[in-house]
Amino acid sequence: MTNRRQDAQLPTWLTARVLADAAIATATARQTATEIHDQGRDHNDDPTWRTAVAAAHRATDQAAEIGIDPQTVLDASKAR
């Protein structure tokens with residue numbers, strides 16, 4: 001985790017929380033797609049998956065705003 005805002009260093013607990021939230025949202029979107037595929041459906045047209053992806057994108061954007069690389073979010077989501 002790197003913080004691009006050197007002048008406004010965030011507390012470690014807050015940075016970790018933002019990363020965890022983004023990782024959870026990303027893992028949830030991936031799990032939703034898997035469940036839809038398991039039912040034999042395409043996830044691209046599913047509103048539940050679209051909602052989950054929108055939440056993951058918002059959370060990843062928030063993480064990026066404080067300097068957390070999107071790849072870091074993805075890696076953390078795969079660890080869940």
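Descriptive notes on the structure:
- Residue in the range 35-75 that is least open to solvent (accessible area, probe 1.4 Å), counting only those that are of a type in the set (S, T, N, Q) and not in a loop (DSSP other than H, G, I, E, B): Thr60
- Some residue of the range 14-28 being surrounded by fewer than 16 Cβ atoms within 10 Å (Cβ to Cβ) and either of a type in the set (S, T, N, Q) or more than 16 Å from the chain's Cα centre (by Cα) (or both): no
- Scanning the range 34-67 for residues that are among the polar types (S, T, N, Q) and in contact with a Leu (Cβ under 9 Å, 6 or more places away or on another chain) gives a single hit, Thr60.
The values are calculated or read from the model by the stated rules, or taken from the named source; none is laboratory data. What you see is a predicted model, and the numbers here were worked out from it, not measured in a lab. A quick note on method: Cβ atoms are made from the backbone with ideal geometry, for glycine too, and the neighbour counts reach across all protein chains shown. The protein model used for the area step is the full one, side chains on, heavy atoms only, and it has no ligands, DNA or RNA in it. Shrake-Rupley method; radii C 1.70, N 1.55, O 1.52, S 1.80 Å.
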